[in-house]
Amino acid sequence: MDTLQAWKERLETWFGANHDSSDGAHDLSHFRRVWRTAQELNEAEGRPADALVLLAAAYLHDVVALPKSHPERHTSSRLAAAEAERILRGMGFPEEKLALVQHAIEAHSFSARIAATTPEAKIIQDADRMEALGAIGIARVFYTSGRMQRAMFHPEDPLGKARQLDDVAYGLDHFFVKLYSLVDSMQTAAGRSMALRRRQVLERYVEDLLGEL
């Protein structure tokens, strides 16, 4: 039977040969972080999830990732799940675990609005959303905003006190429109605890930014 390490190496080899890593927010480094976080959450929760399913879903959850501005963005996770099945079958992945991997991938997406019903799906959803919080979340927000040619923040009213928040126009607005609320969407107790700590990093950053402005 192949070990987790063997499967990890197999998946990384596939990415090295096949994956377009031009999007730094959805590159191999992102998949590795989601896998590490998933392991940490699974351990904290008492290991309710199958580790091999977590590994495959963590590495393949964004194997199809339509741009945030794409009109069919909400279908990305379904497309990724179908592509993951094709890839894993080609690798000889255990047949009985494929459906679990697919559901975890389908349910990870915020925009797809698919309920996570298995331990694996709940942990992968939490682990992926953790990427939008903390120091890495700050980096990814402004990296993505730059790629989409969004301003960093509104020059006169960065907190949106006298205007409607608009995270299509301003990167900082995304903190208030979506990121702060991610804590409440966490599926596991360990995820909520980690997310709360990471949200505090965002809040401290905003305080520092306002002080500098």
Scan segment 55-64 and tell me whether some residue there is surrounded by 19 or more Cβ atoms within 10 Å (Cβ to Cβ), of a type in the set (Asp, Glu) and either out of contact with any Ser or Thr (no Cβ under 6 Å at 6 or more places or on another chain) or farther than 22 Å from Arg192 by Cβ (or both).
yes
Pairing a residue in segment 98-110 that is crowded, with 21+ Cβ neighbours inside 10 Å with any residue that is outside any helix (DSSP H, G or I) and at pLDDT below 95, where Cβ atoms lie under 6 Å and the two sit 6 or more apart in sequence or on different chains, gives Ile105/His61; Glu106/Ile114; Ala107/Ile114; Ala107/Ala116; His108/His61
Sole miss for Gly191 among (1) surrounded by fewer than 14 Cβ atoms within 10 Å (Cβ to Cβ); (2) of a type outside the set (D, E, K, R); (3) in contact with a helix residue (DSSP H, G or I) (Cβ under 8 Å, 6 or more places away or on another chain) is condition (1)
With the first residue restricted to segment 32-49 and required to be on the phi < 0 side of the Ramachandran plot and charged (D, E, K, R), and the second required to be at pLDDT 95 or above and not in a helix (DSSP H, G or I), Cβ contacts under 8 Å at 6 or more apart or on different chains are Glu45/Thr188
Among the residues of segment 1-30, the number that are β-branched (Val, Ile, Thr) and part of a helix (DSSP H, G or I) is 1
Of (1) out of contact with any helix residue (DSSP H, G or I) (no Cβ under 7 Å at 6 or more places or on another chain); (2) surrounded by 22 or more Cβ atoms within 10 Å (Cβ to Cβ), Ser181 fails just (2)
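Yes or no, residue by residue, for (1) touching a Gly at 6+ places or on another chain (Cβ under 9 Å); (2) part of a helix (DSSP H, G or I); (3) over 20 Å from Thr75 (Cα atoms); (4) not small (Gly, Ala, Ser):
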site: Gln102; (1), (2), (3), (4): no, yes, no, yes
site: Glu106; (1), (2), (3), (4): no, yes, no, yes
site: Arg113; (1), (2), (3), (4): no, no, no, yes
site: Thr117; (1), (2), (3), (4): no, no, no, yes
site: Lys122; (1), (2), (3), (4): yes, yes, no, yes
site: Asp126; (1), (2), (3), (4): yes, yes, no, yes
site: Arg129; (1), (2), (3), (4): yes, yes, no, yes
site: Ile138; (1), (2), (3), (4): no, yes, yes, yes
Given (1) farther than 25 Å from Ala190 by Cβ; (2) out of contact with any helix residue (DSSP H, G or I) (no Cβ under 7 Å at 6 or more places or on another chain); (3) not hydroxyl-bearing (Ser, Thr, Tyr), Phe93 misses just (2)
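The values are calculated or read from the model by the stated rules, or taken from the named source; none is laboratory data. Nothing here was measured: the structure is a model prediction, and the numbers come from that model. So basically every Cβ, Gly included, is an ideal-geometry build from the backbone, and we count neighbours across all protein chains shown.
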